[in-house]
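Asks: Pasting a structure below so you can have a look.
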């Protein structure tokens, strides 16, 4: 059986589903291919991770009508406290001083992923799920995609699909990127992120903490009324030692690193460890295919910009696709896709450069550099313009925000 679409989206996670929602009223024929069942996605341990949504991302979620259904389960970040362990430098960012209600929000991946998936289903968008892409080939007028779809009787069914454009939104292990043999540039940080959740004996008051240490940053993000999500970056060998500790000893180490700003800490979720690296695909475009989100870039979690950068990929692509379709032009045409890649390059370079610089500057215990960064934080804390620039980076507002149609 042959199915024809304008846009085929591989990946039914946040990036793919958000793109589908952004295009649902565009007149384009769209469909999603997702390898995992909804039950598998909902029950995945990855759903436990906390996502820091920048103010810019909130605006984009509002534009695709995805924010109002999750705002009540998201926790506002009213202030950000930045410190350098063992040094005097500190900086504080305030939503009030920036003239906004919040600098961002924290939400569990499971809550936002489940809601966006439900909106896709309600919109009646065609889905092939669970189904895996096993082959693809770009032609002059279309891209042909071969998939194997899982049936209820555990048998697979092969389908050949054709579209004007294929979008790879299938994450860091992107099958689309692999099938296209797009190389990646990998920078190893020699660090592992330990992720968990803690209860705090003192109220967090909607403050997010970013504490830099000689072995990596420690982030404490407010979730719920009395809990914080922990993202603790350590050198590989240190992380292995910490993961091997019992709960009491682990908490003692965490408390010693963070301090007692939030009082006594108590674990409320399992510990998980993830090795960290900076990964960038060498190109976003191949034939009639474009890759977006984590398929293109995977960032260090410092400053929490990875998901927010991916959402900006989604919205800019949706905006450009709508214009291309409105002009009765080919949405998979090579010059159009080249234009999209060029439009995203500056944001990618700036965001990745900013994140990478933070890792390098704040993960060093070289005394002159440690003194310089401490002084810089202290000076920044007293210069409104410098604070404003840093706040705009944190809120994802340092560049122009793409617009989708006229929805607010």
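Only the coordinates and a few stated rules stand behind these numbers; no lab work does. As the structure is a computational prediction, the values presented were derived from the model and not from experiment. Because the Cβ atoms are built from the backbone with ideal geometry, glycine has one as well, and the counts that use them run over all protein chains shown.
Asks: Measure nothing fancy, just the Cα-based angle from helix 367-380's long axis to the longest principal axis of the chain, in degrees from 0 to 90, nearest 10.
Replies: Its long axis makes an angle of about 80 degrees.
Asks: Among 283, 196, 233, which one shows the highest mean-square fluctuation when the chain is modelled as a Gaussian network with alpha-carbon springs under 10 Å?
Replies: Judging by the Gaussian network model, the answer is 283.
Asks: To test your reading of the geometry: what angle, between 0 and 90 degrees and rounded to tens, separates the Cα axis of helix 109-122 from the longest principal axis of the chain?
Replies: 20 degrees
Asks: What number does the chain give for Rg over Rh if you use C-alpha atoms and the Kirkwood radius?
Replies: My calculation puts Rg/Rh at 0.98.
Asks: Still on this structure, I have one more. R0 = 30 Å: FRET efficiency of residue 62 with residue 96, Cβ-based, nearest 0.05? Before the final figure, lay out each step's value.
Replies: Values: r = 21 Å, r/R0 = 0.71.
With R0 = 30 Å, the Cβ-Cβ based efficiency is 0.90.
Asks: On to the next question. Springs between alpha-carbon atoms under 10 Å, Gaussian network over the chain: tell me which of 297, 81, 204 tops the mean-square fluctuations.
Replies: Taking springs between Cα atoms under 10 Å, the residue moving most is 81.
Asks: Another question, if that's okay. Taking the chain as a Gaussian network, where each spring joins two C-alpha atoms under 10 Å apart, which residue of 324, 151, 62 fluctuates the most?
Replies: Comparing 324, 151, 62 in a Gaussian network model of the chain, the most mobile one is 151.
Asks: Once you have the Kirkwood Rh of region 189-276 from its Cα pairs, apply Stokes-Einstein at 10 °C and 1.306 mPa s and quote D in µm²/s. If you can, show how the numbers build up before the last one.
Replies: On the way: Rh = 12.9 Å.
Translational diffusion coefficient: 123 µm²/s.
Asks: So, one more: Helix 384-395 sits at what angle to the longest principal axis of the chain, using alpha carbons and giving 0 to 90 degrees rounded to 10?
Replies: Tilt relative to the chain: about 40 degrees.
Asks: Once you have the alpha carbon radius of gyration of region 211-343, what is it after dividing by 2.2 N^0.38 Å, with N set to its residue count?
Replies: Normalised Cα radius of gyration, region 211-343: 1.48.
Asks: If each residue's Cβ is checked for other Cβ atoms within 10 Å, how do 133, 296, 143 rank with the fewest at the top?
Replies: Values: 133 24, 296 28, 143 20.
The order, fewest Cβ neighbours first, is 143, 133, 296.
Asks: Need one number: nm distance between label points at residue 244 and residue 178, each 7 Å from Cα along Cα→Cβ, rounded to one decimal.
Replies: Roughly 3.2 nm, to one decimal.
Asks: Using Cα pairs under 8 angstrom and six or more residues apart, how large is the relative contact order of region 189-276, in percent?
Replies: The value is 44 percent.
Asks: In percent, what relative contact order does region 271-355 have, based on Cα pairs under 8 Å that are 6 or more apart in sequence?
Replies: Value for region 271-355: 30 percent.
Asks: Hey, another quick one. Quick check on the chain: helices-only [θ] at 222 nm, where DSSP H runs of length 4 and up contribute -39,500 (n - 2.57) each and the sum goes over total residues. Nearest 500, please.
Replies: Rounded to the nearest 500, the figure is -11000 deg cm²/dmol.
Asks: Find the relative contact order for the chain and round it to a whole percent, using C-alpha pairs within less than 8 Å whose residues are 6+ positions apart.
Replies: 22 percent
Asks: Also: Between residue 269 and residue 156, what's the calculated FRET efficiency when r is the beta-carbon distance and R0 is 45 Å? Round to 0.05. Mind dumping the intermediate values first?
Replies: Working: r = 36 Å, r/R0 = 0.80.
About 0.80, to the nearest 0.05.
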